[in-house]
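> Got a structure here, written out as structure tokens. Questions coming.
The values are calculated or read from the model by the stated rules, or taken from the named source; none is laboratory data. If you're wondering where the values come from, they're calculated on a predicted model, not measured in any experiment. Note that we place each Cβ from the backbone using ideal geometry, even for glycine, and neighbour counts take in every protein chain shown.
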Amino acid sequence: MSKLKSARGLTVLDRMALIDSIKESLAEGTLEIGDAVRRLRVEVTGLHQSQFAKMCKISVRTLVHIEHGEGNQTLKSLNAVFRPFGMKMGVVRIRRDTV
């Protein structure tokens with residue numbers, strides 16, 4: 001049985017909170033891009049890879065590569081999978097920990 005939750009039964013507020021949580025994990029570096037895309041696809045939309053790829057106007061193969069962290073994806077492809085959730089790839093300042 002998969003550890004990922006289904007999108008079924010989530011309220012709009014639940015989905016928004018889940019998206020925010022995934023955004024934070026990405027920004028903190030505790031979640032890889034591929035894992036984030038898979039969680040967004042499965043937990044927020046509940047779509048199969050073929051459905052989600054079609055919605056994002058990318059190939060299923062590209063989506064599989066993104067989710068598995070394989071290959072060297074273009075910004076266009078990455079932005080296509082994040083756009084439905086109000087996100088896009090960007091540059092962020094590296095936080096330097098003070099010791």
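> Consider region 23-46. How many of its residues are touching a Lys or Arg at 6+ places or on another chain (Cβ under 6 Å) and within 18 Å of ALA80 (Cβ to Cβ)?
Number of matching residues: 1.
> Another one. I'd like to know if region 8-15 contains one or more residues that are in a helix (DSSP H, G or I), modelled with pLDDT of 95 or more and either hydrophobic (A, V, I, L, M, F, W, C) or in contact with a Cys (Cβ under 7 Å, 6 or more places away or on another chain) (or both).
Taking every residue of region 8-15 in turn, none turns out to be in a helix (DSSP H, G or I), modelled with pLDDT of 95 or more and either hydrophobic (A, V, I, L, M, F, W, C) or in contact with a Cys (Cβ under 7 Å, 6 or more places away or on another chain) (or both).
> Of the conditions (1) loosely packed, with under 13 Cβ neighbours inside 10 Å; (2) over 19 Å from LYS23 (Cβ atoms), LEU75 satisfies every one except a single condition; which number is it?
Unmet for LEU75, out of (1) loosely packed, with under 13 Cβ neighbours inside 10 Å; (2) over 19 Å from LYS23 (Cβ atoms): (2).
> For residues in region 60-71 being over 16 Å from ARG83 (Cα atoms) and of a type outside the set (Val, Ile, Thr), which is modelled with the lowest pLDDT?
Checking each candidate, the answer is GLY71.
> Quick check: is even one residue across region 17-30 surrounded by 11 or more Cβ atoms within 10 Å (Cβ to Cβ) and in a loop (DSSP other than H, G, I, E, B)?
No; the residues of region 17-30 include none that is surrounded by 11 or more Cβ atoms within 10 Å (Cβ to Cβ) and in a loop (DSSP other than H, G, I, E, B).
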